[in-house]
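Single-structure report; data block below.
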Amino acid sequence: MMTRFLTALTALLAVATTAQAQEGETIVFGVVATEQSENVLHLWEPFVEDMSRDTGYNVELRSATDYAGVIEAMRADQVQVAWLTNASGLEASRRANAEVFAKFIYPDGQLGYRSIIIVPNDSPMQNVEDLVVCDGTVNFGLGDPLSTSGTLVPQAYIFADRGIDPQTCFNQVTSASHEQNLMAVANGQLDAATNNTTNIDRLQRARPDVLERVRIIWRSPLIQTDPIMWRTDLSAEAKARIQEFFLTYGWRGDAAQREHEQAVLRELEMGGFLPATNEHFQPIMRLELIRDLAETRSDTRLTEDERAERVAELEAELAELSELERLVAARDLSADIAMARQQMIANPDGPQDQVSTLVSTYLQDSPRPEGRAAQINRRPEASQLSRMLIGLVVGLIVGFAIFLTSKPPKYAPGRMASDRIIDAAIWGGFVGLLVWSFWPAEVFKLPLLAENSDRMGEYVAGFARPDFSEAGNYFRQIVITVQIALWGTFFAVILAIPLGLLGASNIAPFWIRRPVRWVMDGLRAINELVVAAVFVAAVGLGPFAGVLALAFHTAGVLGKLFSEAVEAIEDGPVEGVRATGAGPLNEVTWAVIPQVIPLWASYALYRFESNTRSATILGLIGAGGIGQVLYENIRSFEYGKTAVVIGMIIVAVTLVDMMSQVLRKRLM
């Protein structure tokens with residue numbers, strides 16, 4: 001009977017999940033949320049809504065916290081259009097079958113921004129020469145490895161040009177977002193950090209009090225604005241619709257439409273878009289070559305012959321790029337569009353279709369080789385109400401079926417109807433929730449695991465060539481990670497002992513026990529990353545923020561386990577101590593703690609093992625250790641080095657696990 005029921009249930013689920021699946025053409029638009037993710041997505045949502053309406057595609061907005069995430073998604077065709085930086089966009093053109101089709105301009109018409117170095121306002125450093133004395137006393141902050149202004153430009157113009165390695169020049173080098181670096185400098189946790197003029201302008205409007213605490217000591221030459229890219233294998237029709245939308249956005253339609261769209265652009269700190277191609281990356285390619293040349297000339301690990309050969313190769317590439325730059329003419333359309341926009345502003349009563357006409361002519365005249373036309377993603381669409389109704393109907397059907405099939409045979413022990421109804425409600429509700437959650441959880445993408453297995457294979461293949469060139473540094477970072485876990489667990493035990501005693505029902509009264517348990521619930525509920533971000537504001541980027549994050553989160557876990565151990569003790573020893581006339585403190589000291597010490601120690605060792613794994617994750621917010629190295633390697637697409645780091649983490653966690661097991665057996 002159960003087999004028949006499960007078979008019927010499976011069929012019912014299959015029918016339910018496809019009952020209202022309408023095929024919709026979907027374009028996924030990826031953005032990088034280097035600052036607060038929810039703010040970035042909120043700003044882009046009106047733009048994406050207009051894009052969906054005007055292109056006729058269902059445009060989905062997706063974000064990642066770093067550039068590598070968007071690039072890998074684009075490489076796997078999970079993102080078709082993306083807003084990237086110059087450095088990350090160049091990487092996407094190399095790795096993700098992507099090309100530039102537009103670039104944005106600022107509201108004042110500026111075509112670029114500048115990388116900067118900021119220091120605290122009271123810093124003795126007055127210029128970049130004061131920064132690069134390399135006496136090992138400066139804590140310095142770089143941006144994302146694929147950030148143009150945060151990493152590439154400073155590396156090329158400041159460090160590579162002087163033959164300086166930041167890792168050896170400074171006391172500590174961290175990698176974080178522009179916002180984190182700026183706050184760390186303003187709070188005196190970093191002595192200097194990279195940033196850009198766009199972020200400074202934004203802060204001037206939002207937090208002028210913070211800006212008063214920092215000072216700029218270096219500005220780079222102008223950097224082009226960020227590119228908008230698509231996958232090259234999109235169909236010609238999709239490209240035409242998307243490009244027409246971008247190039248005319250804010251400069252088409254009637255006055256009301258233009259005002260709405262320009263308001264959206266102002267929120268994004270943009271003034272519109274201009275056409276562009278991969279030629280957009282030529283200045284960035286030049287910076288890469290200049291940086292690589294300087295690093296090669298100062299690399300002491302190379303022999304003279306190896307250095308000469310590598311320098312000759314780089315100089316040849318630089319000469320070839322220079323020739324290409326001379327042959328590339330400026331696109332007339334960019335100037336025409338800019339002029340047309342100025343005319344529309346100066347003469348609001350004149351023709352208002354100039355930009356649309358220019359773009360239409362450009363799209364008609366531009367050759368567009370088809371290549372392989374990519375299939376635009378299709379996904380089932382369902383409204384929230386219809387999902388709830390389908391889940392409710394399926395749940396009722398399943399519940400009714402279970403109620404009917406749960407009736408015992410004639411000669412079997414009877415069951416009360418109320419028990420059968422409760423069982424039916426539980427299982428029906430569970431199945432209904434599964435069906436209701438099918439679309440939001442995107443379970444319909446399950447077949448993609450098989451369809452795109454080759455893409456996963458390509459990604460994993462990048463780890464098959466381990467790079468041990470930095471193994472010594474990785475070993476030191478592994479040791480730091482274990483030390484973070486050790487101290488985090490130690491502080492957690494210190495905090496958990498009073499929490500465990502005051503949270504036990506046989507030790508503390510209700511009016512004390514209940515608030516203590518609320519505190520423990522709160523400590524357990526907040527993720528270590530959130531706690532670490534809070535402590536970064538106080539102690540700065542680095543391992544100690546990770547120690548404190550692990551300590552507070554683990555204190556909540558151990559406090560609950562310690563209190564449960566106290567509640568399970570034997571009453572005899574407590575009564576014996578009490579019979580001597582001892583007070584509550586002596587009862588705890590001589591009767592409670594001796595009973596729970598072995599179990600407490602076992603719990604603490606287990607959490608030390610878990611914290612060793614957790615400490616690797618804290619590198620995401622710059623809390624130091626091997627986790628930060630792992631995160632930076634992944635963001636830089638250094639998969640050979642990433643493979644070595646992962647292998648060392650596995651070995652370290654295994655050794656800690658073995659030691660923990662031996663000690664637990666000894667204590668128990």
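The values are calculated or read from the model by the stated rules, or taken from the named source; none is laboratory data. Bear in mind the structure is a predicted one, so any value in this text is a computation, not a measurement. Positions of Cβ are backbone-derived with ideal geometry, glycine not excepted, and every protein chain shown enters the neighbour counts.
Residues of segment 191-224 that are at pLDDT 90 or above, of a type in the set (A, V, I, L, M) and farther than 16 Å from Thr151 by Cα: Val214, Ile216, Ile217.
Cβ-Cβ distances below 9 Å connect the following pairs, each with a first residue in segment 342-357 that is of a type outside the set (Asp, Glu), a second residue that is modelled with pLDDT of 70 or more and loosely packed, with under 10 Cβ neighbours inside 10 Å, and a separation of six or more residues or different chains: Pro348/Ala255; Gln352/Asp254; Gln352/Ala255. When the residues of segment 550-603 are filtered to those that are under 14 Å from Gly500 (Cα atoms) and of a type in the set (Asp, Glu), which remaining residue is surrounded by the fewest Cβ atoms within 10 Å (Cβ to Cβ)? Among residues in segment 550-603 that are under 14 Å from Gly500 (Cα atoms) and of a type in the set (Asp, Glu), the one surrounded by the fewest Cβ atoms within 10 Å (Cβ to Cβ) is Glu567. If you go through segment 241-278 and keep only what is buried (at least 18 other Cβ atoms within 10 Å of the Cβ) and hydrophobic (A, V, I, L, M, F, W, C), you end up with Ile242, Phe245, Phe246, Leu247, Trp251, Val264, Leu265, Met270, Phe273, Leu274, Ala276.
Can you name the condition, by its number, that Glu567 falls short on among (1) closer than 23 Å to Trp518 by Cβ; (2) touching a Gly at 6+ places or on another chain (Cβ under 8 Å)? Going through the list (1) closer than 23 Å to Trp518 by Cβ; (2) touching a Gly at 6+ places or on another chain (Cβ under 8 Å), Glu567 breaks only (2).
Would you confirm, using the coordinates I've provided, whether Ser88 is at pLDDT below 90, assigned to a strand (DSSP E or B) and of a type in the set (S, T, N, Q)? Against the criterion (at pLDDT below 90, assigned to a strand (DSSP E or B) and of a type in the set (S, T, N, Q)), Ser88 does not qualify. For Gly143, indicate whether it is at pLDDT 85 or above and outside the structural domain of Tyr639 (by TED's automatic domain parsing). Spelling it out, Gly143 is indeed at pLDDT 85 or above and outside the structural domain of Tyr639 (by TED's automatic domain parsing).
The helices (runs of 4 or more DSSP H) found wholly in segment 120-216 include none carrying at least 2 residues that are on the phi > 0 side of the Ramachandran plot and buried (at least 22 other Cβ atoms within 10 Å of the Cβ). Scanning segment 284-294 for residues that are farther than 15 Å from Ala92 by Cβ and surrounded by 18 or more Cβ atoms within 10 Å (Cβ to Cβ) gives Leu287, Leu289, Arg291, Asp292, Leu293, Ala294.
Given the condition under 30 Å from Leu268 (Cα atoms) and either modelled with pLDDT under 80 or of a type outside the set (Ser, Thr, Tyr) (or both), answer yes or no: does some residue in segment 19-26 qualify? So far as segment 19-26 goes, yes, one or more of its residues are under 30 Å from Leu268 (Cα atoms) and either modelled with pLDDT under 80 or of a type outside the set (Ser, Thr, Tyr) (or both). In the set Arg297, Arg252, only one residue is touching a helix residue (DSSP H, G or I) at 6+ places or on another chain (Cβ under 9 Å), modelled with pLDDT under 85 and farther than 23 Å from Arg114 by Cβ; that residue is Arg297.
Between Ala504, Ala492, the distinction of being in a loop (DSSP other than H, G, I, E, B) and over 26 Å from the mean Cα position of the chain (by Cα) belongs to Ala504 only. When restricted to residues that are assigned to a strand (DSSP E or B), under 18 Å from Ala82 (Cα atoms) and β-branched (Val, Ile, Thr), segment 217-251 contains 1. Looking at Glu309, Glu381, Glu317, can you tell me which residue is at pLDDT 75 or above and over 25 Å from Thr277 (Cα atoms)? The match here is Glu309.
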